[in-house]
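Just below is one structure, and these are the notes that go with it.
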Amino acid sequence: MSVPLLKIGVVLSTMAMITNWMSQTLPSLVGLNTTKLTAASGGTLDRSTGVLPTNPEESWQVYSSAQDSEGRCICTVVAPQQTMCSRDARTKQLRQLLEKVQNMSQSIEVLDRRTQRDLQYVEKMENQMRGLESKFKQVEESHKQHLARQFKAIKAKMEELRPLIPVLEEYKADAKLVLQFKEEVQNLTAVLNELQEEIGAYDYEELQNRVSNLEERLRACMQKLACGKLTGISDPITIKTSGSRFGSWMTDPLAPEGENKVWYMDSYHNNRFVREYKSMADFMNTDNFTSHRLPHPWSGTGQVVYNGSIYFNKYQSHIIIRFDLKTETILKTRSLDYAGYNNMYHYAWGGHSDIDLMVDENGLWAVYATNQNAGNIVISKLDPNTLQSLQTWNTSYPKRSAGEAFIICGTLYVTNGYSGGTKVHYAYQTNASTYEYIDIPFQNKYSHISMLDYNPKDRALYAWNNGHQILYNVTLFHVIRSDEL
C-alpha cells in the first residue's frame, strides 16, 4: 500500500472502530439493547431516533451517536426540568449515563489526539520516503551517466589503439631482426677476443669479410630505419610572424653539415624575390637577409629548395624550373604533361596551388591533377637533375577537396581542410599503390594553412599559417624489412 492510502486507511479504521463501539456498547450501558423499549414515562424508545418520552418535560432526552466536522463521535443529552425529583431511579440512571458519556468523550479525545499524532508521524514518514525515492532516482541516473561516460571513453581508446595493431605486428618482426644482428655482433666479438689470444688461429680474410658484410647490412638497416609510418603530429611551434596571409618557407634537406640557411617566399603569385637567411637564428631574430631575383614569377606556394637549387612552378603555366641559388642561373626547365594550372586544380584554399613540389627521403616529387584523372590527385616521382617524370601514380582523391598535402617516405598524406579544425585523414602508399583513410589530429593554430611541407633532415613539417611560420614535429613508426624474415 502506498503512503497516502496508508494514511486514509488509518483514519477510516479508527472511525469505524469508534462507531462500532458506540452502536454496540452504549445501548447496553443504559439498558437500551433491544430494538424497542418502554421508557420510564410510558413512551417508546427507538434506537434509530433516540428517546422520545410521552412527556418531555419529565424525562431526559438522549439522541444517538454522530460525528462532528472533525470526525469525532458525540452524544446529545437533554436534561429534564429542575422540578424533577432527584431521587427518581431514572434520574440516577441518566446521571450515570451522563458520566459514562463524559468519560467516553474524554476517551475519544485521547484517541483523537493519538490519531492526529499517528497521522503526523505517517506524513513525516511519507516525506522521508519521497525524499529517499528522489535520492535513489538521482543515484540511479548518476550511475547510468557515469557508466555511459566510462563506456564512451573506453570505446574511444579502443578506436585510437586499433590502427596500431598491424604496426605492432610488423614491429615484432623488426625486433626479431635486431636480435639476430645482436647475436651476430656477439659472435664476432667472441671471435675477435680469441684472435687477440691466438694470432693466426682464425682465417683473417674470412673474418674481415664477415665484418664487412655485417657492416653493410647494418648500414642498410639504418637507411631503412630512417623511414616510417606517420602516427602523430606535435603541437605547433611558432617560429616567426611575418609576411602576408600566403607564402612558403623552407630549409635544404641536402645542405652541407653545419649549414642551416632559411629560404622565404612571400605571396603565391606575381612575385620573384626569394630571401635567404644565414641561419634559423637570423630568421627568428633579425631582418638580415640576402635577396635573390628569379627569372620568372612563381605560382602557388609549392616551391622547394633541394641540394642548392630552388624548384618552382612558373606563373600561369605547367612548367617546372630548377634555379641554382649560387650561380643564379636556370639549370633545367620542363613541362609537367597534362598538369592543370592557373587555378584549374588547386587545393581547397585556392592560391594557384595547382602544382605542389615536395621532397622526402626518396627525393623530389610533384603533386598535381589532370583532366585524364578527372581532377583527382596525381603523384609523379621526378629526377632532380633532368626534371623527367620517373614514375606516376593516379589516386582517387579530388585535389580541390584537399586542404594541403605532404610526402613522407614515399607516402602522400592529405589533410581534410585548411581552416578551423583539421586532421590528416588520407594516405597513399606509392610503394604498394594502395591507400587508406586515417585520423591523425593536426592543430591549425592560426586558422588558415597555405603551405605544408616535410623536411626529411629535420623530421619536421614546415607550415605557413595565416602569416605565421610554423614547425611541427612528427612521430614515425619505423619498420625494418628483411628478406630473411
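The values are calculated or read from the model by the stated rules, or taken from the named source; none is laboratory data. Fair warning: this is a prediction, and the values are worked out from it, not measured in the lab. FYI the Cβ positions are ideal-geometry reconstructions off the backbone, even for glycines, and counts take in every protein chain you see. What goes into the accessible areas is simple: the full protein's heavy atoms, side chains included, and nothing from ligands, DNA or RNA. Shrake-Rupley method; radii C 1.70, N 1.55, O 1.52, S 1.80 Å.
Structure above, values below:
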| quantity | calculated |
| --- | --- |
| The stretch 364-485 - percent of accessible surface contributed by carbon and sulfur, probe 1.4 Å | 43 percent |
| Dipole magnitude of the stretch 354-485 about its Cα centre (Cβ charges: Lys, Arg +1; Asp, Glu -1), debye to nearest 20 | 320 debye |
| Cα-Cα over 31 Å, subset of Lys326/Lys457; Lys326/Lys423; Lys261/Lys381; Lys326/Lys399; Lys326/Lys381; Lys332/Lys457 | Lys326/Lys423; Lys326/Lys399 |
| Inter-label distance, nm, simple model (7 Å from Cα along the C-beta direction), Tyr437/Arg95 | 10.7 nm |
| For the stretch 233-477: rounded, prolate or oblate by the Cα gyration tensor [a/c cutoff 1.5] | rounded |
| Radius 14 Å from Cβ of Ile310, net charge of other residues (Lys, Arg +1; Asp, Glu -1) | +3 |
| Computed FRET value (nearest 0.05) for Gln316 with Ala148, which takes r as the C-beta separation and R₀ as 51 Å | 0.35 |
| Net dipole in debye of the stretch 233-477 [+1 Lys, Arg Cβ; -1 Asp, Glu Cβ; about Cα centre; nearest 20] | 460 debye |
| Spacing of the two label points (7 Å from each Cα toward its C-beta) at Arg459 and Met280, in nm | 1.3 nm |
| Additional length obtainable on full extension of the chain from Glu328 to Leu390, 0.36 nm per residue less Cα span | 19.7 nm |
| Given charges at Cβ of Lys, Arg, Asp, Glu: the stretch 233-477 dipole, positive-most of Val474, Tyr268, Gly363 | Tyr268 |
| Amide H contacts under 5 Å for Asn271, placed H, 5+ residues apart | Trp298 |
| Mean Cβ count within 10 Å, highest first, over the residues of peptides 227-240, 130-143 | 227-240, 130-143 |
